[in-house]
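A short worksheet on the structure shown next.
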Amino acid sequence: MNKDCADEIEIFMVDSSKQLLKEGFINLCQQFGSIKNITFHKTNYENQAFIQFEDNDAAHKLLNEKLDLPSFIKVNLSNRTQKMINLLTFKEENEDVEKYNADDNIKTIIEENRTNETKFGASIYIGLNVSGKSLIEESKQFKINNKIIDYNLENDDLFGRPLSTKWEKLNKPEFELNNLDFYYRFENCSGGEIKIEKKLGPNTFTGLTTFFNDGDNVQDKLKIISDDIECSDLLNINNLKYGMLVGAFDSGTNLYGRGYVTLVAGNSVNVAMSDYGRVINTTKIRVLPDKHTKLPAYSFKVYTKGDYVPQLKNTSYVFKVRSVCPERIVLIMFDENKEIKVQLKKWQPTIEESGVSYIDFKSNSSVELLKLKDMSSVFIRSKEKHHFGFLFSSWNKLAAYCYKNPQPLNRKPLYGEIIGFKSTLTNNYVRGRIHKYFGNNIYSVKHMDDPYKENINSSEMIELQFEHKSMPVSFLKVGLKNALPYPIQFDAKYLVEHVIGVRLSVCFDESKAEGWKYVDLNITLVKENLNSILYSLVEPLWLKDNATKDNGTGKFPKYMELLRIELIEKSVVNMKFVVYHDGVFYMRDKFFGKSFSLLSDMIKEYCSLNLNPYMPHIDEVCLGQFPDGMWYRVICDQVKPGELVKVHSVDLGNIAYLNSRNIKRLPEELLFHPTHVALCILDNSIQINEKSIELLQKYENTDCEITIVKSLGGKNHYLFNCSFIEEVLQSLVEH
């Protein structure tokens with residue numbers, strides 16, 4: 001085989017024993033050369049890997065020595081590489097014929113080919129070049145910016161962890177170190193520096209003094225405490241109880257510190273760190289030496305006069321002492337040129353800060369499936385009789401309390417706060433955690449006893465007592481072992497719908513601290529492993545034999561089969577103006593999250609195995625290649641014999657006239673993700689001429705706020721208003 005016949009040789013390796021995972025394939029191949037890229041797939045019958053080396057010589061070496069590998073390892077060229085070689089060989093043979101055959105008919109064919117290169121050759125693209133990768137990164141940043149909350153009571157990582165022992169009713173915490181007076185530290189001090197640990201609300205945060213101008217350097221003191229704890233004995237996590245004073249290792253500071261156990265969850269512990277003012281989850285717990293058990297906590301809760309916390313962007317601030325007495329410590333904190341008056345109080349963690357657990361969770365116990373988004377996001381609940389009785393009793397107590405105490409919250413809730421409310425989804429009183437604010441007193445609330453989210457008005461929220469907030473969460477989020485990264489659809493979705501509520505048994509590695517996060521689910525009634533069944537059902541057809549061949553039915557996916565997020569009439573939405581073409585404004589949304597990233601990976605995988613060009617039908621959903629070299633879902637808008645195919649991308653918003661070699665048939669597996677582009681017509685009498693179009697081109701890829709006036713026929717076409725676009729067009733009219 002000619003080493004230069006393919007730019008990058010891709011090797012297809014199969015392990016029929018199913019022993020090798022991705023790392024195993026890497027270790028096996030590294031002896032032949034440096035690996036550039038590897039894609040791993042786990043099927044029901046074998047494990048597969050597609051491998052590219054930095055140097056093609058390494059690939060040839062592996063092919064030449066493949067007989068020396070174990071019998072259960074098969075090595076060959078991938079279908080993609082084999083097809084590339086065939087195409088190149090065919091091209092070379094045709095070039096030889098054109099070179100040496102002087103027949104007039106051959107000359108005619110060559111001349112026709114040159115004509116077609118002009119008319120039916122290079123694809124044409126309309127609109128600014130944009131890549132799916134950049135949109136994913138932009139969406140991630142957009143999500144991060146929206147997720148940044150200036151304050152939050154809770155830490156999501158501390159919630160919903162399963163217990164290793166039976167749940168016991170908790171008392172509201174009154175930790176001794178946190179209750180000791182610390183005002184004497186400020187009595188003979190003129191000032192110092194405060195470090196913010198956790199922002200709890202618009203006017204509260206926890207913190208500690210890192211040093212005093214006229215006294216101790218607290219950080220040196222905390223280092224001494226850490227060194228002493230590190231020399232003490234390790235404690236067995238299984239022997240720990242709620243409220244125990246211990247020495248806990250904090251990976252955030254890389255130090256041991258003093259703290260109280262608030263939750264023992266599996267092989268890890270939630271600890272309220274008395275000297276830092278926050279709760280952590282850790283696996284390293286030691287005995288706290290006696291000499292450190294009576295020293296007051298170094299952390300405290302800070303109250304600002306006014307809602308200044310969202311404005312505090314630094315982690316540390318200089319302060320001066322205003323007044324000190326046993327009942328009251330008042331400081332002046334300096335934020336640039338601003339003086340902020342604050343008051344210090346003792347810190348006792350709320351249940352939101354400490355975290356609420358799931359009930360005890362054991363391998364080989366009975367559970368039911370509540371929801372399965374994908375193989376990595378599975379929501380289950382215990383089906384053990386004693387658990388269900390306990391949970392049912394807890395729900396009833398909560399509902400009874402809310403029914404008897406229906407008074408509204410009468411204040412703004414805090415992010416992460418646990419509140420009660422009447423759910424429209426369950427038609428009962430439930431509890432949930434404040435998740436997001438939408439404006440007009442509407443908040444997104446995460447249910448704590450079902451895998452739901454619900455939008456609730458603050459006027460409908462009920463203040464809960466500690467006993468209701470601290471009851472264990474009623475469901476657990478896990479992932480299936482060795483999950484495949486594909487969506488649940490078709491037969492897999494049908495299976496999941498019929499398994500929800502059925503008794504299952506759950507198996508996981510209890511010896512690992514995070515073993516509960518990855519489980520095997522078995523259908524008890526038929527003694528079948530749900531993981532294995534889903535593996536075979538979610539695996540795309542293109543990874544199976546004869547997957548890329550036409551089924552001959554003539555059926556093809558049409559535009560109306562795509563999932564679409566319908567825009568509501570009279571709603572105001574933020575979108576990006578992509579391009580104006582033939583009277584239509586192509587507008588793109590910003591929701592390029594995890595699902596679109598998965599879609600992009602699946603398209604890339606499919607196109608690497610299917611090299612066949614395709615001539616689509618009108619209104620067909622297919623795949624088109626764009627200037628970034630990647631393939632995207634497109635709608636075929638126009639097909640004429642001997643001409644380029646007009647399409648528009650339902651995800652990017654760009655328009656293109658494509659050669660058939662830049663088009664591929666779309667498999668049904670790629671229909672799961674909703675479209676991102678709306679085709680909009682301006683509800684305005686402003687005439688758009690050539691000069692207007694030239695002006696609009698300057699504003700392509702610009703964020704706009706648009707008002708949806710009317711939906712036009714259900715094909716993602718809308719009549720819209722946009723003050724920004726109207727002002728741009730009007731400026732041309734006025735001049």
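The values are calculated or read from the model by the stated rules, or taken from the named source; none is laboratory data. Quick caveat, the model's predicted, so the values are computed rather than measured. Backbone-built Cβ (ideal geometry, glycine too); neighbour counts: all protein chains shown. Heavy atoms of the whole protein, side chains included, go into the accessibility calculation; ligands, DNA and RNA do not. Shrake-Rupley method; radii C 1.70, N 1.55, O 1.52, S 1.80 Å.
Quick notes on this one:
- Here the chain carries DSSP beta bridges of which approximately 95% are antiparallel, counting only pairs with both residues inside.
- Simple spin-label estimate for Lys590 and Asn440 gives 2.0 nm between the two label positions (7 Å along the Cα-to-Cβ direction from each Cα).
- Surface listing: His617, His498 arranged by accessible area from highest to lowest gives His498, His617, probe 1.4 Å.
- Fully extended contour minus Cα-Cα distance, from Gln407 to Leu671, at 0.36 nm per residue: 90.3 nm
- Estimated FRET transfer efficiency (Ser571, Ser232; beta-carbon r; R0 56 Å; 0.05): 0.35
- Selection of trypsin sites (Lys or Arg not before Pro), region 556-636, meeting DSSP coil and at most 14 other Cβ within 10 Å: Lys570
- Per-residue Karplus couplings for region 719-732, computed as 6.51 cos²θ - 1.76 cosθ + 1.60 with θ equal to phi - 60°, are listed in order as 8, 9, 10, 8, 4, 5, 5, 5, 5, 4, 5, 5, 4, 6 Hz, Gly and Pro entered as x.
- Of Lys140/Lys346; Lys166/Lys422; Lys36/Lys371; Lys284/Lys469; Lys143/Lys646, pairs whose Cα-Cα distance is over 31 Å: Lys140/Lys346; Lys36/Lys371; Lys143/Lys646
- Relative contact order (%) - criterion: Cα under 8 Å, at least six apart; region: region 145-223: 28 percent
- Efficiency of FRET between Leu425 and Cys507 - r from beta-carbon atoms, R0 35 angstrom, step 0.05: 0.65
- For region 140-181, the fraction of 1.4 Å probe accessible surface lying on carbon and sulfur atoms is 46 percent.
- Surface analysis of the chain yields an accessible area of 51 Å² per residue, using protein heavy atoms and a 1.4 Å probe.
- Distance (nanometres) between label positions extended 7 Å along Cα→Cβ at Leu732 and Val330: 6.4 nm
- For the set Glu561, Glu327, solvent exposure ranked by accessible area (probe 1.4 Å, protein chains only) runs largest to smallest as Glu327, Glu561.
- Gain upon complete extension [Ser17, Tyr184; 0.36 nm per residue less C-alpha separation]: 53.2 nm
- Across the chain, the mean sequence separation of Cα contacts (distance under 8 Å, 6 or more residues apart), normalised by length, yields a relative contact order of 12 percent.
- Net length gained if the chain between Asn701 and Asn239 were fully extended (0.36 nm per residue, minus Cα distance): 160.3 nm
- Virtual spin-label span in nm between Asp637 and Ile124, 7 Å along Cα→Cβ: 1.2 nm
- In straight-distance terms, cross-link reach from Lys555 covers every one of the lysines whose alpha-carbon lies under 19 Å from its own, apart from those fewer than eight places away in the same chain; here that gives Lys664.
- Rolling a 1.4 Å probe over the protein heavy atoms of region 606-735, with every protein chain left in place, gives an accessible area that is 49 percent carbon and sulfur.
- Sequence-distant aspartates and glutamates (8 or more away, or on other chains) whose Cα lies within less than 14 Å of Lys710: Glu566, Glu569, Asp683
- Take every Cα pair under 8 Å whose residues are at least 6 apart in sequence, average their separation, divide by the length of region 623-688, and the relative contact order is 26 percent.
- Area accessible to solvent at Lys140, 1.4 Å probe radius, in Å²: 110 Å²
- For Trp542, the solvent-accessible surface computed with a 1.4 Å probe is close to 20 Å², ligands and nucleic acids excluded.
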